[in-house]
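*Asks:* Here's a structure for you.
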Amino acid sequence: MSDNRPKSRRTGVRAIIVAMKCRSWHGAKVLQGGECMRDTRMETGLAEVAGKPKQAGEVRSRWEWTEPSVWTENMLAALETGVKGGKWFSLIDKVWDERNLRASFEKRFSTNSFGFRPGRGCKDALRMVDALLKGGFNWAVDADLKAYFDSIPHEKLMEEIEKEISDGRILKLIRQYLGQEVMEGLEGWTPEEGTPQGAVISPLLANIYLNSLDHKMAEEGRQMIRYADDFVILCKTREEAENALETVRQWTKEAGLTLHPEKTRIVNATEERFEFLGYRFEKGYRYPRRKNLGKLRDKIRRFTKRTNGYSLEDIISRMNPSLVGWFGYFKHSRKCVFKEIDGWIRMRLRSILRKRQGRKSRAKGDDNHRWPNKFFVEHGLYSLSSAHVKICQSRCTS
C-alpha cells in the first residue's frame, strides 16, 4: 500500500521510529516497578516537531553539539523552555558526554551564581560587585559558611536533586558517590554529610544545594553574588543588610549549615573593607587580599635566594610566568600595589648580584644606581606596573 503523505512528513516519522528502536526509552515513561508505558502524546509531539523542519533546525542549531540519536528536537526544546512536570524521567544515557553535563540543570540556576558554570567565572562576579558598589550598594553582608563542602547534609541534598530528577539509576549513582568510604590512615568511615572536595561533580552538587538561597534572595530583591560557597550581599542601607543577613541565618539553620560567627559581618564599604574571591574591597578600590600577596611573595622568594646559582636571565625567565599569571587575575587592583611589588622584586635581584660581587646584606641605595630599573627591563623582567599602564591605555583608546 503506497504512502501518499508528503515526503518531508514521511521522513520525519521514520526518523522517530529509528530513534525509538535505538533507544527503548524514547516515547516511554518509567513507572514504579520498572514497567514502561508508551506515551502517544510524546510520539505525536515528536512527529509534529519533525514536520516543522525550520523550527527544529533553529533549536538544533543552538544545541548542535548534542547527540542527535539521544536528544530529539522536543527534548532540546525542553532544555530551553523547561520539561513538562519539572522532572526528567530518563537521564542515564545522557551523562556519558561531558558537554551534556556542563549544560545540565543550568536553566534552574540563578543569574547571580558564577561558580563552576559554563561561560561564567570569578571575573564576572567581581565585575558585578564593582558595578553594584558604584551604583550605591555600599552596605555589604560579608558571609562565610563554616566548612560548607564538609557539612552539606546528604538527605537534604538528595531532596533538592529529586525535585528535578526521577531517574532511579542517576539518583543511585549520586548516593553511591556521596556515601563512598573515606580512608584516614588505616581507618575508614562512611560520611553522612559533605561532598568530596576536588571530585568531579562536587561543585555542581554544591551549587544545587545553595540554589534555593540564590532564588530566595532574588525574590526579596537582594543583590547576592555567589561563587560556590563564597558570597556577598550588597544593599543600599544598613537596615536592608541586617534583614538580608537574618534571612540567610534562617535559611542556613533550616539547611543544616552554619555561618561562621566571627567571619560573618555587615560592612559599610565606604569606610571598612570586605573580601571576595581573592580581592579586598576598601573605600572604592580593589586590592589583592594579604593572603594572596603573601603567596606571591613566597613564590618569588623561592626563585630569588641569594645563594641561587642560576644566571640572572634564567632566574627571570623562571619567575616571569608566575608574575604574568598573578597579574592576569589581580590586574584590577590599585596601581600602587604593582609599584610596590616591582620594587621588592628588583631589590631581591639586586641582593643576588650584590652577593656575587662579594658584598654582604641586602641591596642598598647605591645598588639602585649600579643596577637601575632599566637594567632589569633589558634582561627581560616582567614589570607589573608597565603591564598595568598598558591596560589603562588600551581602555582609554577603546
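*Asks:* What shape does the stretch 313-368 take by its C-alpha gyration tensor, where a ≥ b ≥ c are the square roots of the eigenvalues and a/c under 1.5 counts as rounded, a/b above b/c as prolate, and the rest as oblate? Show your work: numbers first, answer last.
*Replies:* Values: a/c = 4.46, a/b = 1.74, b/c = 2.56.
Oblate shape, in that a/c is at least 1.5 and b/c is the bigger or equal ratio.
*Asks:* Of the listed pairs Lys134/Lys283; Lys364/Lys390; Lys146/Lys331; Lys295/Lys364; Lys236/Lys291, which have alpha-carbon separations greater than 20 Å here?
*Replies:* Numbers: Lys134/Lys283 11 Å; Lys364/Lys390 30 Å; Lys146/Lys331 30 Å; Lys295/Lys364 25 Å; Lys236/Lys291 29 Å.
From the list (Lys134/Lys283; Lys364/Lys390; Lys146/Lys331; Lys295/Lys364; Lys236/Lys291), the Cα-Cα distance tops 20 Å for Lys364/Lys390; Lys146/Lys331; Lys295/Lys364; Lys236/Lys291.
*Asks:* Still on this structure: Cα gyration tensor of the stretch 120-169, axes a ≥ b ≥ c as square roots of the eigenvalues: rounded (a/c below 1.5), prolate (a/b > b/c) or oblate? Intermediate results must be reported in sequence, preceding the final value.
*Replies:* On the way: a/c = 3.23, a/b = 2.12, b/c = 1.52.
Verdict is prolate for the stretch 120-169.
*Asks:* Classify the stretch 245-308 as rounded, prolate or oblate, taking a ≥ b ≥ c as the square roots of the eigenvalues of its Cα gyration tensor: rounded when a/c is under 1.5, otherwise prolate if a/b is larger than b/c and oblate if not. Provide the component values of the computation, followed by the final result.
*Replies:* Numbers: a/c = 4.86, a/b = 2.01, b/c = 2.41.
Oblate, since a/c reaches 1.5 and b/c is not below a/b.
*Asks:* Could I ask something else about it? When the dipole is taken about the Cα centre of the stretch 257-388, and only Lys, Arg (+1) and Asp, Glu (-1) are charged at their Cβ, what size is it in debye, to the nearest 20?
*Replies:* Values: 33 positive and 13 negative charges, 118 e Å.
In debye, rounded to 20, the stretch 257-388 gives about 560.
*Asks:* Another one. So if R0 is 56 Å, what FRET efficiency would Lys283 and Gln176 give, r being the distance between their Cβ atoms, rounded to the nearest 0.05?
*Replies:* Values: r = 50 Å, r/R0 = 0.89.
Using R0 = 56 Å, I get an efficiency of 0.65.
*Asks:* Shifting gears a bit: With only Lys, Arg, Asp and Glu charged, each at its Cβ (+1 for the first two, -1 for the last two), find how big the charge dipole of the stretch 227-285 is about the Cα centre; round to the nearest 20 debye.
*Replies:* Working: 9 positive and 12 negative charges, 18 e Å.
The dipole magnitude comes to about 80 debye.
Bear in mind these aren't lab numbers, they're just calculated from the coordinates by the rules spelled out. None of these values were measured; they are calculated from a predicted model. Neighbour counts run over all protein chains shown; Cβ positions are idealised from the backbone, glycine included.
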